[in-house]
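Structure record follows, encoded as structure tokens.
Coordinate-derived values only; no laboratory data. All values reported here derive from a predicted model rather than from experimental measurement. Methodologically, a virtual Cβ is constructed for each residue, glycine included, from the backbone with ideal geometry; neighbour enumeration extends over all protein chains shown.
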Amino acid sequence: MPTRNRQTDACPGVLAVHRAADGGVARIRVPGGQLSAAAFRAVADGAAELGDGGVELTSRANLQVRGLADGAETELAARLSEVGLLPSATHDKVRNVLASPLTGRDRDGFVDVRPLVSELDAALRENARLAALPGRFLFALDDGRGDVAWLGADVAALATAPGAAAILLGGTDSGLRAPLTDVILLMLACAEAFLTERADEWRLAELDDRARRRVATRLGASVAEPLPSQPIQTGPLGQVTESALVAGAPLGWLDRAQAAALADTGAPLVVTPWRAVVVADLADTADVAQRLRSAGLLLDPDTPRVTACVGRPGCAKALSDVRADAGPVPGVDVPVHWSGCGRRCGRPRGEVLDVVANGDGYVMTRGDR
Ligand code: SF4
């Protein structure tokens, strides 16, 4: 088995793209999934003019552009910098921050975590040492509704009251408790402790028990009885508030027309970890819903959840053209994920029906991971 080391973090960013069979793949970090329509248009235009035209939504609420010619990432980076999507060259790959997508837009959370997302992002970028975090290290800020806290982030803050939070490490409650005003410092301290404790591990959950305990000890927060882990939720589709819609991307991928339709709304957008986009602050949801539906976006709350990796020909490891084959599986009441090989890239967390190519067809297995 090859030995991994700190020099081989293959996670792509905007500046360090991954070379796939169909060209360069650039991953654009979008802390909290929050971006303006103008910023989203820069991504959509960049994909159309420099890549293959599609925009992928990732399970960490980031965006991905693929099919880039050699060197095209320089032009893409310049365009993204102009709209604020690449505020730091050194921290390009480490701004992985999930947040409750509807926070502050409905009454389901204890607190609006959007200011905390901005605070965490700024503090992360100001910390030179944290530029060394692996590109997979993930933060999460959950406003109390429990939608992102249990998605396996390395460090998550889950609001337990308007001014208080539980700190989850590696997807489970550590028992650590802190005032909300302290959570950003604690989350950064956790990331620093991970860097101190890690050898070749990429994620906090990969540390051995003793190292994980040392990370928790270094935080020095008060300790309570840990909360039991909660089932993983799948975010809604369709109208979610009087002024907000959630539009799903078929197979987790927006074609040119769909990306353009989202940008044309001119509305604040929030990418969700469930391959959908919240379109917020709308005066007329019916009109926008009609236009997004016409472009092929998914707004029916009962739409079966189906995602797929890029498959053949985009990935050299793929055993089949997954996106051409993928679709709902009748009678299945959990998300379905289609993969071109056993790596199962982009698989959603939680209970999923995996449909994996084996060279002769596909093998289906249902499970939780
Ligand atoms: S699951 Fe396999 S085929 Fe699909 S993108 Fe990942 S490595 Fe490629």
* Test item: Cα-centred dipole of the range 102-234, Lys/Arg +1 and Asp/Glu -1 on Cβ, debye -> 180 debye
* Pick out, in residue order, every one of the trypsin sites (Lys or Arg not before Pro) in the range 77-143 that is DSSP loop and has at most 10 other C-beta atoms within 10 Å; say none if there are none. => Arg107
* **Spread of Cα-to-Cα distances over 5 Å intervals beginning at zero, given as percent, for the range 91-170** => 3, 18, 26, 25, 16, 9, 3, 0
* Asked: Which value, in nm² and rounded to one decimal, describes the direction-averaged projected area of the C-alpha convex hull of the chain?
  -> 17.7 nm²
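For the chain, what does -39500 (n - 2.57) per DSSP helix run (n ≥ 4), summed and divided by total residues, give at 222 nm, in deg cm²/dmol to the nearest 500? Could you put the intermediate results ahead of the total?
On the way: 8 runs with 87 residues, N = 369.
It comes out at -7000 deg cm²/dmol, rounded to the nearest 500.
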* Asked: Given Cα pairs under 8 Å that are at least 6 residues apart, what percent is the relative contact order of the range 240-321?
  -> 36 percent
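Cα-Cα pairs above 20 Å in the range 306-368: how many percent? Write down the numbers at each step before the final one.
On the way: 310 of 1953 pairs.
In whole percent, the share of Cα-Cα pairs in the range 306-368 beyond 20 Å is 16.
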* Between Asp368 and Val332, what is the spin-label point distance in nm, taking each point 7 Å from the Cα along the Cα→C-beta axis? -> 1.8 nm
* **Area projected by the alpha carbon convex hull of the range 76-115, averaged over all directions, nm²** => 3.8 nm²
* Quickly work out the Ala78-to-Ser229 label distance, labels modelled 7 Å from Cα along the C-beta direction, and quote it in nm with one decimal. => 4.7 nm
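Compute the relative contact order of the chain as a whole-number percentage, counting only Cα pairs closer than 8 Å that sit 6 or more residues apart in sequence. Could you put the intermediate results ahead of the total?
Values: 818 pairs, mean separation 55.1, N = 369.
Taking the mean separation of contacting Cα pairs over the length of the chain, I get 15 percent.
I'd like the projected area of the range 169-278, averaged over all directions, using the convex hull of its alpha carbons. Report it in nm² with one decimal. Working shown, then result.
On the way: hull surface 41.1 nm².
Over every viewing direction, the Cα hull of the range 169-278 projects on average to 10.3 nm².
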* State the antiparallel share, in %, of DSSP beta bridges confined to the range 306-368, rounding to the nearest 5. => 50 percent
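Express as a percent, rounded to the nearest 5, the fraction of DSSP beta bridges in the chain (both residues included) that run antiparallel.
Here the antiparallel bridges make up roughly 75 percent for the chain.
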* Based on alpha-carbon positions alone, could you give the equivalent ellipsoid semi-axes of the range 210-369 from the gyration tensor, as √(5λ), descending, whole Å? => 30, 27, 15
* **Distance in nm between pseudo-label sites at Asp182 and Thr90 (7 Å out along the Cβ direction from Cα)** => 2.8 nm
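Let me spell out the model: positive unit charges on the Cβ of Lys and Arg, negative unit charges on the Cβ of Asp and Glu, origin at the Cα centre of the chain. What dipole size does that give, in debye rounded to 20? Let's see the in-between values first.
Numbers: 40 positive and 46 negative charges, 190 e Å.
Here the size comes out at about 920 debye.
More than 19 angstrom separation, counting every C-alpha pair in the range 219-274; what % is that?
Values: 760 of 1540 pairs.
Considering the range 219-274, 49 percent of its Cα-Cα pairs are separated by more than 19 Å.
If you average the sequence gap of Cα pairs under 8 Å that are 6 or more apart and divide by the length of the range 1-120, what percent do you get for the contact order?
On the way: 183 pairs, mean separation 34.0, N = 120.
Reported as a whole number, the value is 28 percent.
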* First measure r as the distance between the Cβ atoms of Arg218 and Asp284, then evaluate 1/(1 + (r/R0)^6) with R0 = 51 Å and state the FRET efficiency to the nearest 0.05. => 0.50
* Hey, could you pull the Cα Rg and Dmax for the range 102-234, both in Å? -> 13.9, 43
